[in-house]
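Notes to accompany the following structure.
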Amino acid sequence: MNQPPHDQLPDDAAASPEESAGAQHDLLPAALSGFDLTAGLQRLQGNRVLYIKLLGRFAGDYSAIGDEIEQAIEAGDRRQAHALVHNLKGLAGNLSATDLFAAARTLDEAVKSDAAEPARLHAAFMVLRTALDEALTSARSVLPPDEPTVRETAEVDLPKSQALELVRRIREAIDLGDVMSIHESAAALAGDTPYTARIGELADAFDFDGLLSLADEMEQKANR
Amino acid sequence: MVHADRPEQVLLVDDNATNLQVLYQTLSGRGYRLLVARNGRQALEIAQKSEPALILLDIMMPDIDGFETCRRLKQDPRTRGSAVIFLSALDDTGNKVKGMQLGAVDYIAKPFDPDEVIVRVEIHLKIHRLEAQLARRNRQLEADNQHILAAMNEGIFGLDIDGTVVFVNPAAVCMTGCSEQELLGRPVHALGLFGGFGACVQAHPFYSCLKEGRICHNEDGELTRRDGTRFAVEYNCSPIFEDRTLSGAVVVFKDISERKQAERQLKRAYTELEKAHRELRDAQMRLIQAAKLESVGRLAAGVAHEVKNPLAVIQLGVDFLAGVESDDGVVSEVIRDMEEAVERADSVVKGLLDFSRESTLTLRPGDINQVIDHALHLVDHELIQHNIRLEKQLDEGIGIIDLDSNKLQQVFINVFMNAIQAMGRDGVLTVKSRVERIENPDRAGLDRERFSAGEPVVQVEVLDTGCGIAEESMVFDPFYTTKPTGQGTGLGLSVTRKIIDLHKGMIDIRNREEGGAAVRITLKMG
């Protein structure tokens, strides 16, 4: 049986190895403006740590999307506007940002329709902007004040053969889209080193490009 | 592909990492291995390598969208077995229909309910497992089927409803001498294998099977190989029904040339046995006839001997009385009648003695035509008296053969006289002689024990235009005669055959189609 990544485990399973997990857990209030936390947690199988992490990513990655949508609408690029709104709608739905989801759905319908008047589009956008700002503010409110500092990987040397084997396995796992293998390989070959944390972070974000860059770095360092 | 020793793989495809993470979390810890792709292109590459059981596919993605990704997945034999579920915020009916038309098995709208996703994933994985099991079972059955068909000695053709060959087994390929490629996809009548039906498709028995759904069976068929050689086959064409609808036929045929050969050998052996039996019966009949003739001969000799002496005394008495002067006309007439009666009795006695005498031949080289001419000369008076025209067709090239000219002369006189008597007045007597080479004694009606195939013989034929003979089988029996009483002893042809037998020849007699009788005498040349 395969195991999920450590930071996606349900609450009780994830709690022990991560000291920060408890802190993040505490940051999630009973209610959050613009969000249906009950539905959101249910979708994540009760994983509060992951919910906070996703809210944090939302706060970081989507702070500019309101401006991007507005620019696309003003430029008459409905296709781009639709792509952006659709993306936001999916994300809002998954995070149970109910007001934002409703606003995104209304605007999504409007930008898809060629008949929609600019005034209607504008009105729908203004509703979305309000809901987005509210959701971003709420998301920022649950973020921990300071992220734990991860030691720089450059400071650590892995034995050459171990490093090259880890590089090989990471590349192979990326080829297969197998995030689980990446976590397993890091744990087996890098142990309790900054590499394991860094690799885990990238794998959790499904950042395959970042993982490949890290693998290249490790290979160069091992062959140096 | 499902492997019993490893968990089923589920590929999650979405360009949004947060959405992926939510989905990943939903499906984690449920016993299957989760794979992840961030775009359509990556999804295609991973699917080709990993062949996941299920793919959860977002629609709106940059570069290649979900619909195009699905289309490519279903086109690729390596990936078309993966079940695709669309997972998208595009929740209008048009997108759902389009997704299904592209080969997706399900569509889940975002934001999804995790329980719904889990249940649907479980259901489709189960379906995929069952489909994989079914496919394996089908492959196994297909393999078993192939092994059975390959092991069969009978040739098998599968035909579709139009009579096109859609399946052949190795035995059929071997028997026809055609390759599989030459047979498959062609109408069976055009192959000309089960010949005799030409271009008329409707006349082909397989087509009646395909049209009417009746079994067509032939125990005496013939199959023409690719090289034109033929052999005997027994074939059976049975209709195939799918859901009670005639959908094709299967032709099973087997080489029965060995069986046919055995049947021919058996028939030949039976014919030979029958012939041997016939010859044995003929020989038996000849032995019986010989024994009968011997008995008759001995009896005739005894009777002739006992009658001859008293007849001599009577002859002397009649001669004496004929010398006594008498004016009584009646006495003279009685004496003349007595003289004639004694002469006739003497003739019968001589005939009996000829028949019963232990004859031997005095063979000398001689000319058969001369013997015939001499005999004809002796009956010349009779021919003139009965106004009978003579036609002679004697082959001058016969040459000299060993013969007893006196005895053969007696033979010819007997035959000529019989012919003259049969014709009465006016007629044609034809006498032919020639050299023949016997090709087949049986077919020529000659005794195989006396004559062999390829042997040259002399044949003399005597044809008359008379009344013919009553019973061919009895004419050579002693004392058999159809002449009025006092005009024949019934011994002439018996004696004739005896002489011919002594020459190791044959005599036979038959009625001619145009009327009259034909006597054929066959003599050896050497």
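The values are calculated or read from the model by the stated rules, or taken from the named source; none is laboratory data. Given the structure is predicted, the values throughout are model-derived calculations rather than measurements. No Cβ is skipped: glycine too gets one built from the backbone with ideal geometry, and neighbour counts run over all protein chains shown.
Observations on the model:
- When the stretch B:26-46 is limited to residues that are touching a Lys or Arg at 6+ places or on another chain (Cβ under 8 Å) and facing chain A (nearest Cβ under 9 Å), the one that is farthest from A:Ala92 (Cα to Cα) turns out to be B:Arg33.
- Complete set of residues in the stretch A:60-80 that are more than 10 Å from every other protein chain (Cβ to nearest Cβ) and assigned to a loop (DSSP other than H, G, I, E, B): A:Ser63, A:Ala64, A:Ala75, A:Gly76, A:Asp77
- The residues of the stretch A:49-59 that are out of contact with any Pro (no Cβ under 9 Å at 6 or more places or on another chain), more than 9 Å from chain B (Cβ to nearest Cβ) and modelled with pLDDT of 90 or more, listed by number, are A:Tyr51, A:Leu55, A:Ala59.
- Within the stretch B:20-35, the presence of at least one residue that is assigned to a helix (DSSP H, G or I), under 23 Å from B:Lys126 (Cβ atoms) and among the hydrophobic types (A, V, I, L, M, F, W, C) is confirmed.
- Conditions (1) over 48 Å from the mean Cα position of the chain (by Cα); (2) free of Cβ contacts under 8 Å to residues at least 40 places away in the same chain; number of the one not met by B:Gly397: (1)
- Unmet criterion (only one of (1) more than 8 Å from every other protein chain (Cβ to nearest Cβ); (2) closer than 17 Å to B:Ala109 by Cα) for B:Thr18: (1)
- Of the candidates B:Arg72, B:Arg6, B:Arg78, the single residue that is more than 13 Å from every other protein chain (Cβ to nearest Cβ) and part of a loop (DSSP other than H, G, I, E, B) is B:Arg78.
- Checking B:Gly29 against (1) surrounded by 19 or more Cβ atoms within 10 Å (Cβ to Cβ); (2) touching a Pro at 6+ places or on another chain (Cβ under 7 Å), the condition it does not meet: (1)
- Residues in the stretch A:81-100 include none that are crowded, with 21+ Cβ neighbours inside 10 Å, within 12 Å of chain B (Cβ to nearest Cβ), touching a residue at least 24 places away in the same chain (Cβ under 8 Å) and of a type in the set (Lys, Arg).
- Of the residues B:Ala232, B:Ala304, B:Ala322, the single one that is touching a Gly at 6+ places or on another chain (Cβ under 9 Å), more than 30 Å from B:Cys174 (Cβ to Cβ) and in contact (Cβ under 8 Å) with a residue 12 or more places away in the chain is B:Ala304.
- Per-region count, the stretch B:124-157, residues part of a helix (DSSP H, G or I) and loosely packed, with under 13 Cβ neighbours inside 10 Å: 19
- The stretch A:158-205, residues that are at pLDDT 90 or above and at positive phi: A:Gly177
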